[in-house]
Amino acid sequence: QGQQQNQVYNEYSDEEFNGDRGTSGKDPGPRAGDQPKDIEPAPRLKRTRLTLGTAQLLDPDRGLPLLMGEFKKMKFLGKGHEARDVTKLIKLYREWAHQLFPKLPFETFCERIAKIGSTHEMGAWVSEERERQLMARVDYHRSLKNLNREIDMIDQEQSDIRDPDEREEEE
């Protein structure tokens, strides 16, 4: 085995074997990636650790507001297709969880969400969101009532414009 190593070594010159091709034993100088010995390397910065908290959940671009918008777009098939609908729902939750916190497994994500959801800050947000949605529905129904009043007024105006002879025939 010793002879085999010597044969391999003898096939190459010292420069080629050591990787110093073309320098003929001279110091090749600094190589790429080498740092001068008198300069200390920069201290390593600690990575900021991602945490899942109320700030991430309430982020309008990635948190619960985004999820609520996705639910509005979702179409369910209804009776007889419950399994397919639940599968779509779980898939949406999984995709949202991955976008919000990619390194966390879905089951662990759900456990953390349950803990965060019981905090005072999340409870306050849920109350505010419910109030906002309720007011949006009230405003919608008020606008419908106003629209119906306007339609009734237009109908009344049109009936007043008709010929007096037509009104007498109706009576």
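The values are calculated or read from the model by the stated rules, or taken from the named source; none is laboratory data. It should be emphasised that the depicted structure is a prediction, and the values quoted were computed from it without experimental measurement. For neighbour counting, all protein chains shown are included, and Cβ atoms are generated from backbone atoms with ideal geometry for every residue, glycine included.
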Task: Residues that are under 18 Å from Ala55 (Cβ atoms) and in contact with a helix residue (DSSP H, G or I) (Cβ under 8 Å, 6 or more places away or on another chain), drawn from segment 100-116 - done: Leu100, Phe101, Leu104, Phe109, Ile113, Ile116
TODO: Within segment 24-35, identify whether any single residue is surrounded by 11 or more Cβ atoms within 10 Å (Cβ to Cβ), modelled with pLDDT under 75 and farther than 30 Å from Ala97 by Cβ, and answer yes or no.
DONE: yes
Open item on the list: So Lys72 passes all but one of these: (1) in a helix (DSSP H, G or I); (2) surrounded by 10 or more Cβ atoms within 10 Å (Cβ to Cβ). Which condition number does it fail?
Closed with: (2)
Open item on the list: Whether any residue in segment 106-117 is polar (S, T, N, Q) and either in contact with a Gly (Cβ under 9 Å, 6 or more places away or on another chain) or modelled with pLDDT of 85 or more (or both) is what I want to check.
Closed with: yes
Task: Filter result for Val138 (closer than 30 Å to Arg49 by Cα and either of a type in the set (S, T, N, Q) or more than 18 Å from the chain's Cα centre (by Cα) (or both)) - done: no
